[in-house]
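Here is the structure we will look at.
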Amino acid sequence: MPEDAIPYKYLLPLSEIVAAVTGSSSLYASSVQEIYRRLIPSLGDEFEVLLSSSKDSIVSLVGSDMAEAILEVRNGKADVIPGYDGVYGQPVFSTMRKPKIGREDDRDEAVLDTAGESFDGKLDKYLRDV
């Protein structure tokens, strides 16, 4: 990087982090919005939460899994399973068991993508390729 280049920070929107950690398929779900509204008034704007709020202050408001995910984004350690053909990419954090890709059947069994491959198979393939 040239000496006079402006440094950058790769971030994900706070609502996407919250949705991924809670397992919500919607950024507008009441559970996602409730956590978002708990963080912002207490810690400042979204950039303040994502870039400089202490882990302890985040943990006290929303728990350790959410705090770890925010810190992973802050420290550039969050992974993203890339999207394709109208399917959005999905963030993956160390505190997560499975991000929801595609749709979930009524019996809450396997999470499937549009090709019908289970998430575990897709994640294994992704991790081999990385």
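Structural remarks
- Taking (1) in a loop (DSSP other than H, G, I, E, B); (2) touching a Pro at 6+ places or on another chain (Cβ under 7 Å); (3) among the aliphatic types (A, V, I, L, M) in turn, ILE17 satisfies each apart from (1).
- The residue that is surrounded by the fewest Cβ atoms within 10 Å (Cβ to Cβ), counting only those in region 71-85 that are in contact with a strand residue (DSSP E or B) (Cβ under 9 Å, 6 or more places away or on another chain) and at pLDDT 95 or above, is GLU72.
- Residue count, region 9-30 (criterion: among the aliphatic types (A, V, I, L, M) and either in contact with a strand residue (DSSP E or B) (Cβ under 7 Å, 6 or more places away or on another chain) or more than 22 Å from ASN75 (Cα to Cα) (or both)): 5
- Residues that are closer than 17 Å to GLU48 by Cβ and in contact with a helix residue (DSSP H, G or I) (Cβ under 7 Å, 6 or more places away or on another chain) within region 10-26 comprise LEU11, LEU12, LEU14, SER15, ILE17, VAL18, listed in sequence order.
- For GLU68, the requirement of being surrounded by fewer than 15 Cβ atoms within 10 Å (Cβ to Cβ) and in contact with a helix residue (DSSP H, G or I) (Cβ under 9 Å, 6 or more places away or on another chain) is not met.
- Where a residue in region 5-23 is without any contact (Cβ under 8 Å) to a residue 60 or more places away in the chain and its partner, wherever it lies, is in a helix (DSSP H, G or I) and among the charged types (D, E, K, R), with Cβ under 7 Å and at least six apart: LEU14/GLU46
The values are calculated or read from the model by the stated rules, or taken from the named source; none is laboratory data. Predicted, not measured: the structure shown is a model, and the values here were computed from it. Counting neighbours? That spans all protein chains shown, and the Cβs are built from the backbone with ideal geometry, glycine included.
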